[in-house]
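Novice: Let me give you the structure first, and then I'll get to my questions.
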Amino acid sequence: MKKFLLMSVLYALLVLPSLAAREQNAVRGVKRAVAMFVAYNFFYIFVVLVLWTSMAD
């Protein structure tokens, strides 16, 4: 599980911009990509603080 959490950063770097690239308007796509990265970072911080500390090696 810890390996998946670490690899999720790489997946996010590939998936989130590709989702935002589907927007017709470039400005809206950039705003969407930034918003998704911010939301992902908050989610990742929460998961690391809550789940990572409770996981056994």
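Novice: Size of the dipole of the chain about the Cα centre, Lys and Arg at +1 and Asp and Glu at -1 on the beta carbon, nothing else charged, in debye to 20?
Specialist: 180
Novice: For helix 2-20, what angle does its Cα long axis make with the longest principal axis of the chain, in degrees from 0 to 90 and rounded to 10?
Specialist: Rounded to the nearest ten degrees, it is 10.
Novice: Along the charge dipole of the chain, Cβ charges K/R +1 and D/E -1, which of Leu14, Val48, Ala26 sits furthest on the positive end?
Specialist: Checked the options; the winner is Ala26.
Novice: Between the helical axis of 26-47 and the dominant principal axis of the chain, each derived from Cα atoms, what acute angle in degrees is found, rounded to the nearest 10?
Specialist: Value to nearest ten degrees: 10.
Novice: Rounded to two decimals, what ratio of Rg to Rh does the chain give with C-alpha atoms and a Kirkwood Rh?
Specialist: 1.11
Read-outs: derived from the displayed coordinates by stated rules, not from any lab. These numbers come from a predicted model, not from an experiment. Methodologically, a virtual Cβ is constructed for each residue, glycine included, from the backbone with ideal geometry; neighbour enumeration extends over all protein chains shown.
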